[in-house]
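Below is one structure; the comments refer to it alone.
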Amino acid sequence: MYAQSERPAHTEHDYLTVTQTAARLGVSDRAVLKWIKQGYFPGTIRISPTGPYRIPIVAIEQYEQNRRVS
């Protein structure tokens, strides 16, 4: 594995937009925005204070996994 300082930086490929996440999960953008506010996707970032969200793919995969189990 990587040492802490050698770990590659996150890239835009590690994240999806709200629209991409909605399409992947088969829901509306509004649903994804609601879930972001409810904390369903840890690690979600915003490009600027009013800019678009970027949702980590790992958080989406975890959500999908939890949804299958429930």
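Tell me whether the stretch 8-15 contains one or more residues that are surrounded by 16 or more Cβ atoms within 10 Å (Cβ to Cβ), modelled with pLDDT of 95 or more and not polar (S, T, N, Q). Checked against the condition, which is being surrounded by 16 or more Cβ atoms within 10 Å (Cβ to Cβ), modelled with pLDDT of 95 or more and not polar (S, T, N, Q), the stretch 8-15 yields at least one hit. Residue count for the stretch 9-55, restricted to those that are within 17 Å of Gln65 (Cα to Cα), among the hydroxyl-bearing types (Ser, Thr, Tyr) and either in a helix (DSSP H, G or I) or over 11 Å from the mean Cα position of the chain (by Cα) (or both): 1.
The values are calculated or read from the model by the stated rules, or taken from the named source; none is laboratory data. Model, not experiment: these values are computed from the prediction. Note: ideal-geometry Cβ built from the backbone for every residue, glycine included; neighbour counts use all protein chains shown.
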